[in-house]
Amino acid sequence: MGLNCRSGRLYVDGTVGEGGHAAAILDHIGPEGELWGLDRDPEVLQTAATRLAHHTSRFQLFHRSYAQLGELLASTQIPGVAGILLDLGLSSFQLAQSQRGFSFAGDEPLDMRFNSEGSAATAAQLLNRASEAELERIFWEYGEEPRARRIARLVVQSRRRRVFQTTRQLVEVIEQAQGPGGRRGRLHPATRVFQALRIAVNLELEELATFLENVPAWLEPGGRLVVISYHSLEDRLVKHRLAAWERAGVMVRLTRKPLTPTPAEVKANPRARSAKLRIAEKMA
């Protein structure tokens, strides 16, 4: 594994989700090892707790963002961990069962918050309140959506007649923006806009930037960082920050180019087709 898991050490799964990666880590570190699992979604944490319950290795689950790992380390007076994993993709539960609007396959409330118990604005509130210019910026910067301006204009026009509440309403506006010829290419026309809204609602890039700024202080010498990203915005942040740490003599990149899934892996899990994995190690 990229984490180089060893018995008796402390590892962190910063996006524990339903516990798939965490279970694999626990299998490798043995009963003397320990795992911390962090996630902003309280519902998936419950699933992870059930999935990991039979493991003999010690584990603790925390309802926190991975960017808050430093607070946990300070509160326990632990100087550093042996490895940190981030898998920045959505969990199967969030897409298929959460009913929070992450998927455009059905008709769900436009929430999109990882932590639905929090006070952050929902995707619907963002669509109904943001200016046309701000919506265009979100769709373009976070979704790299070529029709960002047209979609933003149509959103503002549509909300004057009826406020946005569900995913179907938004999909209809996006499809309207396609113009003559409709859908083109492999991606569903709503893919980029839904990605952009989710990133904006959850401040995902800000969370990742905060984490990357501090991660060397959270790793023990020789400790490893493994990050799996799924779109260019995340991967670019990871790539540039790891390169900067290497130039500063703090960390060394073990993957000069990101590892990508094989055709067989994509066939088995189509959602992994855009995954990029990068590994770095803190210098001794």
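The values are calculated or read from the model by the stated rules, or taken from the named source; none is laboratory data. Quick caveat, the model's predicted, so the values are computed rather than measured. Because the Cβ atoms are built from the backbone with ideal geometry, glycine has one as well, and the counts that use them run over all protein chains shown.
Annotations
- Of all residues in the range 4-18 being hydrophobic (A, V, I, L, M, F, W, C) and closer than 14 Å to Gly80 by Cα, the one that is surrounded by the most Cβ atoms within 10 Å (Cβ to Cβ): Val12
- Residue count, the range 89-110 (criterion: within 16 Å of the chain's Cα centre (by Cα) and either surrounded by 15 or more Cβ atoms within 10 Å (Cβ to Cβ) or at pLDDT 95 or above (or both)): 11
- Test: residue in the range 211-231 that is part of a helix (DSSP H, G or I), under 15 Å from Leu85 (Cβ atoms), in contact (Cβ under 8 Å) with a residue 12 or more places away in the chain and of a type in the set (Val, Ile, Thr): yes
- So Ala275, is it in contact with a Pro (Cβ under 7 Å, 6 or more places away or on another chain) and either more than 27 Å from Ala120 (Cβ to Cβ) or of a type in the set (Gly, Ala, Ser) (or both): yes
- The residues of the range 39-75 that are within 21 Å of Glu213 (Cβ to Cβ) and among the basic types (Lys, Arg), listed by number, are Arg40, Arg64.
- Criterion (buried (at least 18 other Cβ atoms within 10 Å of the Cβ) and either assigned to a strand (DSSP E or B) or assigned by TED's automatic domain parsing to the domain that holds Asp235 (or both)) met by exactly one of Leu86, Leu170, Leu127: Leu86
- Residue within the range 180-198 that is of a type in the set (A, V, I, L, M), part of a helix (DSSP H, G or I) and more than 18 Å from Gly101 (Cα to Cα) present: no
- Single residue of Phe59, Phe114, Phe139 found to be outside the structural domain of Gln169 (by TED's automatic domain parsing) and either farther than 27 Å from Leu26 by Cβ or buried (at least 21 other Cβ atoms within 10 Å of the Cβ) (or both): Phe59
- Screening Leu225, Leu187 for residues that are aliphatic (A, V, I, L, M) and assigned by TED's automatic domain parsing to the domain that holds Leu154 leaves exactly one candidate, Leu187.
To keep it simple, each residue is scored yes or no on (1) surrounded by fewer than 19 Cβ atoms within 10 Å (Cβ to Cβ); (2) touching a Lys or Arg at 6+ places or on another chain (Cβ under 9 Å); (3) at pLDDT below 95.
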position	(1), (2), (3)
Val201	no, yes, no
Thr210	yes, no, no
Asn214	yes, no, no
Ala243	yes, yes, no
Ala248	yes, no, no
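- The number of residues in the range 188-198 that are of a type in the set (Val, Ile, Thr) and surrounded by fewer than 22 Cβ atoms within 10 Å (Cβ to Cβ) comes to 1.
- Test: residue in the range 1-13 that is touching a strand residue (DSSP E or B) at 6+ places or on another chain (Cβ under 9 Å), assigned by TED's automatic domain parsing to the domain that holds Phe211 and polar (S, T, N, Q): no
- Boolean, Ala133 is aliphatic (A, V, I, L, M), modelled with pLDDT of 95 or more and exposed (fewer than 15 other Cβ atoms within 10 Å of the Cβ): yes
- The range 250-267: number of residues that are surrounded by 13 or more Cβ atoms within 10 Å (Cβ to Cβ) and in a loop (DSSP other than H, G, I, E, B): 6
- Verdict on Gln99 being part of a loop (DSSP other than H, G, I, E, B) and more than 19 Å from Thr210 (Cα to Cα): yes
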